[in-house]
Amino acid sequence: MTQLAPVDQARLAALRDLVTSGITRDLDWRRSRLSALRAMVLEHEEALTEAVREDVGKPHLEVRLTELSFVVQEIDLLLANLARWTAPRRVGLPVTHLPGSAHVQLQPKGVVLVIGPWNYPVQLLLTPLAGVLAAGNTAVVKPSDLTPRVAALLAELLPRYLGADTVEVVVGGVPETTALLQERFDHIFFTGSPRVGRIVMRAAAEHLTPVTLELGGKSPTFVDGTVDPDLAARRIVWGKFTNAGQTCVAPDYVLVTRDARDALLEALAGAVEDFFGADPSRSDDLGRIVNADHHRRLVELVESSGGHVVLGGDHDVDDRHYLAPTVVVDVPLDAPLMSDEIFGPVLPVIGVSDAAEAVGIINGRERPLALYVFSEDRATRELFETRTISGGLAHGAPLIHLAVPGLPFGGVGESGMGRYLGRASIEELSHHRSVLNKPLAPDTLAAVYPPYPAWKRSA
Ligand code: NAD
């Protein structure tokens, strides 16, 4: 049975035609689209913030900081560097090819499909989209079905600000996305789970469409006795409980050396109370779990953990899916809590004898999206740098490596492929065409034309 495509062929063809018309090569066209996207975010800050708050239940300031400001800063970075980052790169010719010249030209790929998740529903659609436009592409954008208000708002605003010739928004869940993935795109930029990442990559293979997969997983955090437990705990608590732990690069679990374990647990409890008060359910600064299914999944993860809850644990599905910041110890390494991505405000803390044991545990698992190390010891830091592989590595602070202009962001292995943000977005979303200019005269290639002299044949 043929499924009905949610985006019709004529619309897709029009999006592709705009790119092949050459208009999008023009840097002014790209600047105008980036500026329009920027204006859209700023002019509809209130409505976007409210939509995210209603869909995901995150605090007002978090939406501004981690979604809207993030997008605006990325656009500003792209605008400031567009000419430099898209300029042709000259390449020297070997003597055999002279006279002549060569360069690498970054070309738009065509129509890029951007599929986003629900946890940062604005940022994770518009930041890739900014890269798509900066590279001179047009886009089909598919927001998550779990954030219907954001999806409806973007479906109204994006074509209005960017033009229906530049962007199409497809709203829908699994059936709509399945149908959409049957279409031919020139690149697919997917952010979401490894499970759906596989579905996307399988569909892309039908058309040999290149993919960027920004996936998730369990990002480990290592702490040893060389660091101040209070300072480390404040950073970990902030990174873990921002957006109620529903952040792809949130510290998923902590591996702490046993000599530092008790001090860290005490400091974690202190930081949670400092940030969210004695009763976090009454804090305006703690987000909620996105829906009842995820709430149930998290409660079951804690109940089946085989460990001991030493902080939090209380939950109330009727209070907008509330789950307290929770710390669990003595969790067996094969418990679901230590094998599934948690994606919620639950932090397992596991004792290890030393950094080498932590490296062994990390290397026995899928390659993570982020790895956080809290140690003042140089040899320990080097051990993690040389003996582990992860999408990103940050010493002393979670999450904020994403906001360093110039640091590309992406996963490796199970946490994804490809990278973006800033220059990396333009490189990822462009075709790198090799161009050679060779004058016809003098005809320096004459030396390799047949008929080949006998001495050359035997050489
Ligand atoms: P998800 O994979 O369930 O959904 C992502 C998108 O795919 C949504 O738009 C959804 O509608 C669509 N989708 C869902 N099922 C599909 C199917 N069967 N066929 C086609 N499309 C389908 O992910 P999510 O729950 O929205 O987000 C959470 C996951 O995303 C976590 O694993 C998290 O770590 C990851 N994530 C990664 C990053 C990153 O930048 N690497 C950022 C945020 C979230």
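Every number in this text was worked out from the coordinates using simple rules, so none of it is lab data. All values derive from a computational prediction rather than experimental measurement. Here Cβ is always computed from backbone atoms with ideal geometry, including for glycine, and neighbour counts include all displayed protein chains.
Got a sec? How would Val71, Val448, Val104, Val329 order by Cβ neighbour count within 10 Å, fewest to most?
In order of increasing Cβ crowding within 10 Å: Val448, Val104, Val329, Val71.
Could you work out the equivalent-ellipsoid semi-axes for segment 24-116, taking the square root of 5 times each eigenvalue of the Cα gyration tensor, largest first, in whole Å?
40, 13, 12
Take every DSSP beta bridge whose two residues both sit in the chain, then give the antiparallel share in percent to the nearest 5.
Close to 35 percent.
For a footprinting-style exposure proxy, rank Leu133, Leu124 by other Cβ within 10 Å, fewest first.
Ranking Leu133, Leu124 by Cβ neighbours within 10 Å, fewest first, gives Leu124, Leu133.
Could you work out the equivalent-ellipsoid semi-axes for segment 413-459, taking the square root of 5 times each eigenvalue of the Cα gyration tensor, largest first, in whole Å?
Its equivalent ellipsoid spans semi-axes of 45, 18, 6 Å.
On C-alpha positions alone, give me the angle between the axis of helix 229-241 and the longest principal axis of the chain, in degrees, nearest 10.
70
How many nm is it between the label spots at Ser353 and Asn437, if each spot is 7 Å from the Cα in line with the beta carbon?
6.6
For segment 143-190, compute Rg over Rh where Rg is the Cα radius of gyration and Rh is the Kirkwood radius from the inverse mean 1/r over Cα pairs.
Rg divided by Rh gives 0.97.
State log₁₀ I(q)/I(0) for segment 8-60 at q = 0.21 Å⁻¹ as given by the Debye formula over alpha-carbon point scatterers of equal weight, solvent excluded.
The Debye formula, applied to the Cα set alone, gives -0.80.
How do Arg38, Arg258 line up, fewest other C-beta atoms within 10 Å first?
Arg258, Arg38
Using only Cα atoms, what is the ratio of the radius of gyration of segment 378-459 to 2.2 N^0.38 Å?
Rg over 2.2 N^0.38 Å, computed on Cα atoms: 2.09.
Can you give me the distance in nm between label points at Ala292 and Leu407, each placed 7 Å from the Cα along the Cα-to-Cβ direction?
Each label point is offset 7 Å from its Cα along the Cβ direction, giving 4.0 nm.
Which whole-percent values make up P(r) of segment 165-231 when all C-alpha to C-alpha distances are grouped in 5 Å steps starting at zero?
Answer for segment 165-231: a P(r) of 3, 13, 20, 19, 12, 6, 5, 6, 5, 7, 4, 0 percent.
Please list, in chain and number order, the residues 5+ apart from His395 or on another chain whose amide H is under 5 Å from its amide H, with Hs placed from the backbone.
When sequence neighbours closer than 5 places are left aside, the close amide H contacts are Val373.
Counting only residues 5 or more places away or on other chains, whose amide H sits under 5 Å from the amide H of Glu376 once H atoms are built in the peptide plane?
Amide H neighbours of Glu376, under 5 Å, 5+ apart: Thr226, Val227.
Please list the equivalent ellipsoid semi-axes of the chain, computed as the square roots of five times the alpha-carbon gyration tensor eigenvalues, in descending order and whole angstrom.
Listed largest to smallest, the semi-axes of the chain are 44, 29, 20 Å.
Using a Debye calculation, one point per C-alpha and no hydration shell, please list log10 I(q)/I(0) for segment 94-251 at q = 0.19, 0.21 Å⁻¹ in order.
-1.15, -1.34
Of the listed peptides 244-254, 179-189, 343-353, what is their order by residue-averaged count of other C-beta atoms within 10 Å, with the highest listed first?
In decreasing order of mean packing, 244-254, 179-189, 343-353 become 244-254, 343-353, 179-189.
Using a simple charge model, +1 on the beta-carbon of Lys and Arg, -1 on the beta-carbon of Asp and Glu, nothing else, what dipole does the chain show about its Cα centre, in debye to the nearest 20?
For this selection, approximately 2680 debye.
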